[in-house]
Amino acid sequence: MADPDRQMTRDYGVYVRFRYDSWNTARPSVFLIDPAGMVRKLWVGSHQLDWPVTADFWEVIDRHDGKID
């Protein structure tokens, strides 16, 4: 998703103004949001080279039946 003004990264709390490994960017992060807007799973990395375990997210996706609670 494009976020040219970095507003979404600020709203979700993953914006990084300056760190030893990044400048004016977002920490690696994944948010699974259902059709109702509920965050079903989130992951935020501690640094730029930190990435989530993909299987954890597929498990949530596979469990979700597509219906809004």
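Structure notes:
- Label-to-label distance, nm, for residues given as Tyr15 and Arg40 (7 Å Cα→Cβ offset): 2.9 nm
- Debye intensity ratio I(q)/I(0), log10, segment 27-69, q values 0.30, 0.35 Å⁻¹ (C-alpha model): -1.07, -1.24
Read-outs throughout are calculated quantities, based only on the coordinates presented, and are distinct from any laboratory measurement. Source: prediction; values computed, not measured. Here the Cβ is made from the backbone with ideal geometry for all residues, glycine too, and neighbour counts use every protein chain on show.
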